[in-house]
Amino acid sequence: MTRIAIVGAGPAGLSLAYFLKGNRKVDATIYESMEEPGLKPCAWGLITGIENIIPIPNETIISEIRGFRIYLDNKLVFDIRTDNKLGYIIDKPLFLKRLSEEVNVEFNSKVIKKDDKYYVNNKPIDHDKVIFATGHYNVSKSMSIPAIQYITDYEIDKEVVEFYFYSGFLGYAWVFPDREGSKIGIGGYAEVPELKERLKQILKGRIKMFHGARVTDYGVIEDRLDGNYTGEALGTVYAITGEGIRPSIISSKILADSILTGKDFKKEFKKSKLYWSLKWHAKIIKMTKERDPTTVRLSKALLNNDPQLILKFAIGDFNRVDLIKIFGRSLI
């Protein structure tokens, strides 16, 4: 039996253990330094379809998203409402807690490396393989950007999310429904004081909490495709949207399947739609920073196209033809 130590009880680590459980050839244990999962702040959005990979208990669903509004410089550009379910707002801590109850997790267990060996709370790890699912904590600061968020009592339509883009700013702000009120946040290529200043324009309601974190924007870290990393520690965050929960879970599904079938993870991951779409998100961010620092061309590309096409791009469900329609042949 192969004994696997997974470091980190976030979406990537917990889902990896979930996908591996029940197989007699593998015994996986998660080590989490904190006392409970889900403490990293985020907007808690999940795109529909992920429930086909991993169960989402009804009690963890705050609302079903059926529409979105997009603003440019605080002016409404798109107000789309559909009969289709686009995704969910979940209670991420509760979702991860329920997932942790399905697998073997040891909380308050900090993993360190010393003399090429790994220790948990100063005791050697007796495992055959160590996999890191430690999110942005295991990623260079140069590969991430800051994001901040306020929790307020401002009531928003539970079935709608809002996105705010700004001329000359590479990043965006958001207003997502919460159980009671909203999450109002912003992330992008600026220092925290500037992010706070921009967010003042859309901040509403009584502030109940403020928090922040860094978000990986680099794309897939190629030298980590050795089967020892998954989730955000591998770079599986869409660089333009900042979406990380769903791609982290998908990356862990690919890794788990590779472990259970004995296939090469690097080859399997590079064949996936996830790898291809993550790479293009990161490439467009890089090209924008180099060629379009005022973000004029990027803003026009994203806001002058069919919203359904932009949604496909945002969630990673696009192809080369879609890229040409949005950004033109010069990009491809």
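The values are calculated or read from the model by the stated rules, or taken from the named source; none is laboratory data. Since this is a predicted model, take the numbers as computed values, not measurements. Here the Cβ is made from the backbone with ideal geometry for all residues, glycine too, and neighbour counts use every protein chain on show. To get the accessible areas, we keep the full protein, side chains included, count just its heavy atoms, and leave off ligands, DNA and RNA. Shrake-Rupley method; radii C 1.70, N 1.55, O 1.52, S 1.80 Å.
Any residue in segment 1-16 that is open to solvent by 20 Å² or more (accessible area, probe 1.4 Å) and aliphatic (A, V, I, L, M)? Taking every residue of segment 1-16 in turn, at least one turns out to be open to solvent by 20 Å² or more (accessible area, probe 1.4 Å) and aliphatic (A, V, I, L, M).
Yes or no: segment 221-231 includes at least one residue that is part of a loop (DSSP other than H, G, I, E, B), over 23 Å from residue 54 (Cβ atoms) and more than 12 Å from the chain's Cα centre (by Cα).
Taking segment 221-231 and keeping what is part of a loop (DSSP other than H, G, I, E, B), we get 221, 225-228, 230.
Imposing the further condition that a residue be over 23 Å from residue 54 (Cβ atoms) reduces the set to 221, 226.
Keeping just the survivors that are more than 12 Å from the chain's Cα centre (by Cα) gives 221, 226.
So far as segment 221-231 goes, yes, one or more of its residues are part of a loop (DSSP other than H, G, I, E, B), over 23 Å from residue 54 (Cβ atoms) and more than 12 Å from the chain's Cα centre (by Cα).
Looking at segment 153-170, which of its residues are in contact with a Gly (Cβ under 9 Å, 6 or more places away or on another chain) and either over 19 Å from residue 74 (Cα atoms) or surrounded by 23 or more Cβ atoms within 10 Å (Cβ to Cβ) (or both)? Hits for segment 153-170 are 153, 159, 161. The sole residue among 230, 241, 216 that is touching a helix residue (DSSP H, G or I) at 6+ places or on another chain (Cβ under 6 Å), among the polar types (S, T, N, Q) and modelled with pLDDT of 95 or more is 230.
Please count how many residues of segment 61-103 are of a type in the set (A, V, I, L, M, F, W, C) and under 27 Å from residue 299 (Cα atoms). The qualifying residues number 10.
The helices (runs of 4 or more DSSP H) found wholly in segment 261-332 and carrying at least 1 residues that are touching a Ser or Thr at 6+ places or on another chain (Cβ under 7 Å) and over 30 Å from residue 228 (Cβ atoms) occupy 273-291, 296-303.
So that you can scan it fast, the table gives a plain yes or no per residue for (1) open to solvent by 10 Å² or more (accessible area, probe 1.4 Å); (2) without any contact (Cβ under 8 Å) to a residue 12 or more places away in the chain:
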{"site": "20", "(1), (2)": "no, no"}
{"site": "55", "(1), (2)": "yes, yes"}
{"site": "77", "(1), (2)": "yes, no"}
{"site": "112", "(1), (2)": "yes, yes"}
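Is it the case that residue 180 is free of Cβ contacts under 8 Å to residues at least 40 places away in the same chain and open to solvent by 30 Å² or more (accessible area, probe 1.4 Å)? Yes. Screening residue 282 on (1) in contact with a helix residue (DSSP H, G or I) (Cβ under 8 Å, 6 or more places away or on another chain); (2) crowded, with 19+ Cβ neighbours inside 10 Å; (3) hydrophobic (A, V, I, L, M, F, W, C) shows it passes everything except condition (1). Filtering segment 88-104 for residues that are open to solvent by 60 Å² or more (accessible area, probe 1.4 Å), closer than 27 Å to residue 307 by Cα, in contact (Cβ under 8 Å) with a residue 24 or more places away in the chain and part of a loop (DSSP other than H, G, I, E, B) leaves an empty set. Where strands (runs of 3 or more DSSP E) fall entirely within segment 2-86, those with at least 3 residues that are more than 22 Å from the chain's Cα centre (by Cα) and not acidic (Asp, Glu) are at 2-7, 26-31, 75-81.
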